[in-house]
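Data first, discussion second: the structure below is written as structure tokens.
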Amino acid sequence: MKQKIEDLLSKIESLTAGKLQEVEEIRVKLLGKKGEITALFDEFRNVPAEQKREFGQKLNVLKTKAAEKIEELRQKVEEMGGSDAPSFDCTKPGDKYDLGTRHPISVTREEIISIFSKFGYAVAEGPEIEDDWHVFGALNFPPEHPARDMQDTFFISAGGDNPILLRTHTSSVQVRSMERMPLPIRIVCPGRVFRNEAISARAHCIFHQVEGLYIDKNVSFADLKQAVLLFAREMFGEETQIRLRPSYFPFTEPSAEVDVSCNICKGKGCNICKGTGWLEIMGCGMVDPNVLEASGIDSKEYSGFAFGMGVERIAMLKWQVKDLRHYFENDVRFLREFETVI
Ligand code: PHE
């Protein structure tokens, strides 16, 4: 019996199989009802009592080894794809995979960026978690000044006089670029921004912006107006008119809001433009000398303009989406409506 056990052990060691069918045959041969190991267990009944302990242990080891080997062979065969299923039918029509579509916000953001890159603007990005200095301080928001209330902020930590917060605009990227980049600077800054606003059809606590900055010698308000006009015509069509209304931002002086002529009613007045014939698309202005100086740029030698727009707003105007929340819910019925546009 001892010999038989040893023979079986070395036989098990050298077993191989290429198909699941063969693995099953091995299992039956060893552990099946009439298998060799099963037979040994039957023989065990006749082993003298004083040897039962020794042989019992040996038999159990043998059984475990066999079971392990069979499992190992089964796994190997499966990994090699050696299942016994009928081979692949290459004449069968393929399974159709639905293609996803790009999100309308991504499409709009890319379109804005590509228009400005044609005008020579590079893309600059920066962190979403920022400090007070880059979001407010360097942008001429005085401490405790009510201007900070314009943008309700999510604070992350109090951090002494430079708290950490979620950026409320991507103007912070413009500050970082002014600190680092050689002049002249011509950049657009796309990115997510965060404001503590109640979510409604017209406001959300997360949205996307593309802001722009151009700094060089002799940059004038006329340059700003021309850049905005060219952008508006590329984005909304050749016929588009713009109008600048005086406004206020701490970081630009003078500042303006830009309206484009409503391309739905062609200026006659409709419910999209609320009867005015104009739609507001962005804020802009000449960079305040204090902002240039705060980032180490000589405001006597250099001047610049900046602008900033909400991507959701531009997308809403382009596709007449009435509720901002659609952009964040990702209901595929909404997203699929852009399949043809994209
Ligand atoms: N940062 C402003 C905002 O988030 C937009 C802006 C940018 C206005 C640049 C003027 C100049 O509302």
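The values are calculated or read from the model by the stated rules, or taken from the named source; none is laboratory data. For clarity, every value in this text was computed on a predicted model and none was experimentally measured. A quick note on method: Cβ atoms are made from the backbone with ideal geometry, for glycine too, and the neighbour counts reach across all protein chains shown. Just so you know, the surface numbers come from the protein's heavy atoms only, side chains and all, with ligands and any DNA or RNA stripped out. Shrake-Rupley method; radii C 1.70, N 1.55, O 1.52, S 1.80 Å.
What's the total number of residues in region 1-53 that are under 20 Å from L73 (Cβ atoms) and among the basic types (K, R)?
Of region 1-53, the ones under 20 Å from L73 (Cβ atoms) are 7-32, 35-38.
With among the basic types (K, R) added as a condition, the list becomes 11, 19, 27, 29.
Looking only at that region, the number is 4.
Exactly one of these conditions fails for E211: (1) farther than 27 Å from H103 by Cβ; (2) in contact (Cβ under 8 Å) with a residue 12 or more places away in the chain. Give me its number.
Just one mismatch for E211, condition (1).
Please determine, by comparing only the residues of region 254-312 that are open to solvent by 40 Å² or more (accessible area, probe 1.4 Å) and in a strand (DSSP E or B), which one is farthest from the ligand (Cβ to nearest atom).
Filtering first and then ranking leaves W278.
Looking at region 87-100, is at least one residue in contact with a helix residue (DSSP H, G or I) (Cβ under 9 Å, 6 or more places away or on another chain) and under 30 Å from F236 (Cβ atoms)?
Step one: list which residues in region 87-100 are in contact with a helix residue (DSSP H, G or I) (Cβ under 9 Å, 6 or more places away or on another chain), which gives 100.
Subset that is under 30 Å from F236 (Cβ atoms): 100.
Checked region 87-100: at least one residue is in contact with a helix residue (DSSP H, G or I) (Cβ under 9 Å, 6 or more places away or on another chain) and under 30 Å from F236 (Cβ atoms).
What strands (runs of 3 or more DSSP E), lying completely within region 166-253, carry at least 2 residues that are within 15 Å of the ligand (Cβ to nearest atom), open to solvent by less than 20 Å² (accessible area, probe 1.4 Å) and touching a helix residue (DSSP H, G or I) at 6+ places or on another chain (Cβ under 9 Å)? It would help to see each step written out before you state the result.
Details: elements: 185-194, 206-216, 242-249.
Hits in region 166-253: 185-194, 206-216.
Starting from region 290-302, keep only residues that are over 12 Å from V219 (Cβ atoms) and small (G, A, S), then list their pairs with residues that are part of a helix (DSSP H, G or I) and open to solvent by 40 Å² or more (accessible area, probe 1.4 Å) whose Cβ atoms are within a distance under 6 Å, requiring at least 6 positions of separation or different chains.
Note: pairs meeting the criteria are S295/E179.
Got at least one residue in region 18-32 being at pLDDT 85 or above and part of a loop (DSSP other than H, G, I, E, B)?
Scanning region 18-32, I find at least one residue that is at pLDDT 85 or above and part of a loop (DSSP other than H, G, I, E, B), so the answer is yes.
Here is a yes/no grid of residues against (1) more than 16 Å from L30 (Cα to Cα); (2) surrounded by 15 or more Cβ atoms within 10 Å (Cβ to Cβ):
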site	(1), (2)
P48	yes, no
E54	yes, no
N60	no, no
A66	no, yes
E79	yes, no
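Checking E128 against (1) surrounded by 14 or more Cβ atoms within 10 Å (Cβ to Cβ); (2) under 26 Å from M286 (Cβ atoms); (3) touching a Gly at 6+ places or on another chain (Cβ under 9 Å), which single condition isn't satisfied?
(2)
Would you mention how many residues in region 173-186 are under 26 Å from I156 (Cβ atoms) and among the aliphatic types (A, V, I, L, M)? If you could, list the steps in order and put the result at the bottom.
Let us first name the residues in region 173-186 that are under 26 Å from I156 (Cβ atoms), namely 173-180.
From what is left, the residues that are among the aliphatic types (A, V, I, L, M) are 173, 175, 178.
The qualifying residues number 3.
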